[in-house]
Amino acid sequence: MTYTAMRIDREGGLARLTFCQPARGNPIDGTFCAEFCDVANVLSTDPTVRAVLVTAEGKSFSFGGDIAMFVSQLDTLPLQIKRWTSDLHNGISRMQRMDAPIVAAVQGICAGGMGGMIAGADIIVAEPGSRFVAAYAGIGYCCDAGTSIMLSRRMGLSRARKYLLLNETLDAPAALAAGLADEVVPSDELAARAEAIAKQLAHGPTRAFGEIRRLLTSAASEPIDTQLELEAQALSRISGTADAREGLTAFSEKRKPNFTGL
């Protein structure tokens, strides 16, 4: 399928998802939502995908929701928002459940729902000029795109609450301190550093990564006995994989393991 708002490129287990409407600020609109849902279906069902690198073209990563689209449809917005979020939220949910870890490289402005989506990445690399903008309260809206979940996980509930209610803008050092970014690197190193991390993950034990991602997701909501059982079940499943066998064998032979994602 050919997309308008994004594209996918694959290389050696790494899928690069690039948002490609820089002239418009890579907005979240109806087209973006529908395409993102389809991309998530494609990536989450492709067994060759072992890591996903999310980038955006242009000076800014994304201005978030398309305000012009909202204004043009004020009378039908409640219905339209349900349609748009049906696609967007399904896509986010499927990306969160897949085995392949997600790395994001952020430059410039990353606002509103895009900030929430990107907060769901496993590793976020930002450049010094990046700005994470809450945005929602500034236009009288509450959050979507997983923002309430992802920001709470990354920043903690109280810090996420302050960020959203006060409509804060966090520069790169503040985002790093708050947990919204994992690394801040010089602008001319951003692409290379994010790619290096993504390739490292793409050569790792993909199924183990998937279990780790899902266990960390359930940790905040499950009682301890349930979470411990989930850990036991996951570890039992992983112990039978080829990568787990390779990891143990390589360790005993004092060599680097050669993981295949199986």
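Just so it is clear, none of the values below were taken in a lab; they were calculated from the coordinates. Here the structure is a predicted model, which means the values were calculated and not measured. Cβ atoms come from the backbone with ideal geometry, glycine included; neighbour counts cover every protein chain shown.
What's the Cα-based Rg to Rh of region 206-252, Rh via Kirkwood?
Using Cα coordinates only, the ratio equals 1.06.
Read through the labelled values (1) 57, 41, 35; (2) 44, 39, 38; (3) 63, 42, 37 and report the label of the one computed as Cα extents along the principal axes in Å from the structure.
(3)
Ranking request for peptides 224-236, 90-102: highest mean number of other beta-carbon atoms within 10 Å first, then the rest in descending order.
Averaged packing, sorted descending, gives the order 90-102, 224-236.
Give me D for region 17-100 in µm² s⁻¹, whole number, from Stokes-Einstein with Rh from the Kirkwood sum over alpha-carbon pairs, 25 °C and 0.890 mPa s.
Details: Rh = 13.8 Å.
D = 178 µm²/s.
Just report the Cα centroid separation between region 76-131 and region 7-46, whole Å.
When both Cα centres are located, 11 Å separates them.
Mind checking which of 134, 34, 192 has the largest fluctuation in a GNM of the chain, springs on alpha carbons under 10 Å?
Of the options given, 192 has the highest mean-square fluctuation.
Roughly what angle does helix 77-97 make with the longest principal axis of the chain, taking Cα atoms, 0 to 90 degrees, to the nearest 10?
Helix 77-97 sits roughly 20 degrees off the main axis of the chain.
Which value results for Rg/Rh of region 169-232 when Rg is the Cα radius of gyration and Rh the Kirkwood radius based on the inverse mean 1/r?
My calculation puts Rg/Rh at 1.12.
Taking the Cα atoms only, what angle lies between the long axis of helix 242-252 and the longest principal axis of the chain, rounded to 10 degrees?
60 degrees
With a Förster radius of 45 Å, plug the Cβ-Cβ distance of residue 256 and residue 75 into 1/(1 + (r/R0)^6) and report the FRET value to the nearest 0.05.
0.15
Within 10 Å of each candidate Cβ there may be at most 16 other Cβ atoms; applying that plus a DSSP loop requirement, which chymotrypsin sites (Phe, Trp or Tyr not before Pro) in region 126-229 survive?
Numbers: sites: 132, 136, 141, 163, 209; in loops: 141.
Passing both the DSSP loop test and the Cβ count: 141.
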